[in-house]
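Just below is one structure, and these are the notes that go with it.
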Amino acid sequence: MISKTKISIIGAGMVGSTTAFALMMSDLSLEIALIDINRTKAQGDAADMMHGAAFLPSSEIFAGDYTDCRDSEIIIITAGVPQKPNESRIDTFRRNREIFTRIIGDIVKNSSHQPIILVVSNPVDLLTYLAYELSGFRRNRIIGSGTLLDSSRFKYLIGKQTNVDPKSLHAYIIGEHGDSSVAIWSKTSIAGMRLDQYGSKHQLFDGQLRKKISDEVKEAAYRVIEMKGATYYAIALSTRRIVECILRDDRSILPVSCVLTGEYGIQDIAISLPAVIGKNGIEDILPVEYDAEEAAMLKASAENLKRILRS
Ligand code: NAD
């Protein structure tokens, strides 16, 4: 019998349960505890997913409790209240901070080792930093899903414009997962060609088109929330990608929210930068040279988050 790796997901709402479903469809052999204050919902989702087990690789999903954190390699936090239409991230932070403080307390009480905490709840950068402060865990053990989702949206939109597979693009969004995120146009490339070289033969990526795409990335979540009340499919796939990198020690480079201690002159906050993700969590944060405007926007994004944290 193959031994399974245990993961806990705290919050079995739309994001948590869809993440469990995405993980169940990967080839990782997992034991997934769904932990929610609404235990009946967690039980219902676990049963519903397990009823499809005959069609998939072997993972086991069940409704658990905080004692499941004891032998979990990764604890994914998706609990909390989602952002309401037109609600600012500051207001969502106020509503989620209390819930989060209790959750981190329960994780720490029930963990004899330092599992990797993967924060997805919003505002993800602020809650990632709170998880670091409250848990006392090493900073490489705390990851926020950050701008991995924004970067995926960015690649999707550039891919649509260029008619190139988004997986063949190098394109990153860094900074806050939210309104002050920064699109890194200076390093965006297709087969090693900068976008302006590519654009000279194909679609010209002038300032207007760049702004349109950057704005569309920033507004993407708001648009989906307006249409259906929540976003959960793409974030579930982003979260699965981070989990795969950790458990397979892939050492892939993903833009995720990392606790900074002076990188780019930024500290005492978590914000997204391209990082090497492997079995220890954040293995390295890459010192990419951004152009002056992007570097200034990154600093402003960090300052913006710090202001909210202090308030
Ligand atoms: P949801 O309301 O469907 O689910 C939240 C779940 O958390 C509920 O089942 C609720 O019972 C549970 N919960 C609340 N307090 C709890 C506690 N103390 N312990 C355990 N469970 C608790 O919301 P959702 O749509 O799944 O969104 C969840 C979070 O994910 C929100 O903060 C949302 O903004 C965030 N989100 C983040 C991203 C991202 O890119 N980082 C994308 C989408 C959603």
- Query: Can you spot a residue in segment 119-126 that is modelled with pLDDT of 95 or more and open to solvent by 40 Å² or more (accessible area, probe 1.4 Å)?
  - Reply: no
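With SER72, SER17 as the choices, which residue is of a type in the set (S, T, N, Q) and more than 16 Å from the chain's Cα centre (by Cα)?
Values: SER17 fails: more than 16 Å from the chain's Cα centre (by Cα).
Exactly one residue qualifies, and that residue is SER72.
Take the residues of segment 44-56 that are surrounded by fewer than 16 Cβ atoms within 10 Å (Cβ to Cβ) and under 22 Å from ALA234 (Cβ atoms): which is modelled with the lowest pLDDT? Steps first, please.
So in segment 44-56, the residues surrounded by fewer than 16 Cβ atoms within 10 Å (Cβ to Cβ) come out as 44, 47-48, 50-56.
Then keep just the ones that are under 22 Å from ALA234 (Cβ atoms); that gives 48, 52, 56.
Values: ASP48: 98, GLY52: 96, LEU56: 89.
In this case the residue turns out to be LEU56.
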- Query: Counting only residues that are surrounded by 14 or more Cβ atoms within 10 Å (Cβ to Cβ) and of a type in the set (Gly, Ala, Ser), which one in segment 257-299 is farthest from the chain's Cα centre (by Cα)?
  - Reply: ALA295
- Query: Is there any pair linking a residue in segment 1-25 that is near the ligand (Cβ under 6 Å from one of its atoms) to one that is among the charged types (D, E, K, R), with Cβ under 7 Å and at least six apart or on different chains, and which?
  - Reply: GLY11/ASP36; ALA12/ASP36; ALA12/LYS41; ALA12/ASP45
- Message: Anything in segment 180-208 that is in a helix (DSSP H, G or I), open to solvent by 70 Å² or more (accessible area, probe 1.4 Å) and without any contact (Cβ under 8 Å) to a residue 40 or more places away in the chain? List them, or say none.
- Response: ASP196, GLN197, SER200, LYS201, GLN208
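Being of a type in the set (S, T, N, Q) and either outside the structural domain of SER111 (by TED's automatic domain parsing) or more than 11 Å from the ligand (Cβ to nearest atom) (or both) is the filter here, so list the residues in segment 26-45 that pass it. Step through it out loud before you land on a result.
Here is the first cut: in segment 26-45, the ones of a type in the set (S, T, N, Q) are 26, 29, 38, 40, 43.
Scanning segment 26-45 gives SER26, SER29, GLN43.
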- Query: Within the set of pairs 6+ apart or on separate chains, which have a first residue in segment 209-234 that is more than 18 Å from ALA22 (Cβ to Cβ), a second that is surrounded by fewer than 17 Cβ atoms within 10 Å (Cβ to Cβ) and not polar (S, T, N, Q), and C-beta atoms under 7 Å apart?
  - Reply: LYS218/ASP179; ILE225/PRO85; GLU226/PRO85
- Query: Which condition breaks for ALA12 when tested against (1) closer than 17 Å to ILE107 by Cα; (2) open to solvent by less than 10 Å² (accessible area, probe 1.4 Å); (3) out of contact with any helix residue (DSSP H, G or I) (no Cβ under 6 Å at 6 or more places or on another chain)?
  - Reply: (3)
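In contact with a Cys (Cβ under 9 Å, 6 or more places away or on another chain) and open to solvent by less than 20 Å² (accessible area, probe 1.4 Å): which single residue out of ILE104, ILE75, ILE116, ILE61 fits that description?
When all the criteria are applied, what remains is ILE75.
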- Task: Filter segment 46-84 for residues that are away from the ligand (no atom under 12 Å from the Cβ), outside any helix (DSSP H, G or I) and not polar (S, T, N, Q) and give the result.
- Result: HIS51, GLY52, LEU56, PRO57, GLU60, ILE61, PHE62, GLU73, ILE74
- Item | Enumeration of residues in segment 130-146 that are in contact (Cβ under 8 Å) with a residue 12 or more places away in the chain, farther than 14 Å from GLY281 by Cα and open to solvent by 20 Å² or more (accessible area, probe 1.4 Å) | LEU130, LEU134, GLY136
- Quick one: which residue in HIS177, HIS170 is open to solvent by 40 Å² or more (accessible area, probe 1.4 Å) and either within 13 Å of the ligand (Cβ to nearest atom) or not hydroxyl-bearing (Ser, Thr, Tyr) (or both)? HIS170
- Assess whether LEU254 counts as being closer than 20 Å to ASN122 by Cα and either open to solvent by 40 Å² or more (accessible area, probe 1.4 Å) or not in a strand (DSSP E or B) (or both). no
- Tell me which residues, restricted to segment 28-43, are out of contact with any helix residue (DSSP H, G or I) (no Cβ under 9 Å at 6 or more places or on another chain) and either modelled with pLDDT under 95 or assigned to a helix (DSSP H, G or I) (or both). SER29, ARG39, THR40, GLN43
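The values are calculated or read from the model by the stated rules, or taken from the named source; none is laboratory data. Since this is a predicted model, take the numbers as computed values, not measurements. Backbone-built Cβ (ideal geometry, glycine too); neighbour counts: all protein chains shown. All accessible areas refer to the heavy atoms of the entire protein, side chains included, with ligands and DNA or RNA removed. Shrake-Rupley method; radii C 1.70, N 1.55, O 1.52, S 1.80 Å.
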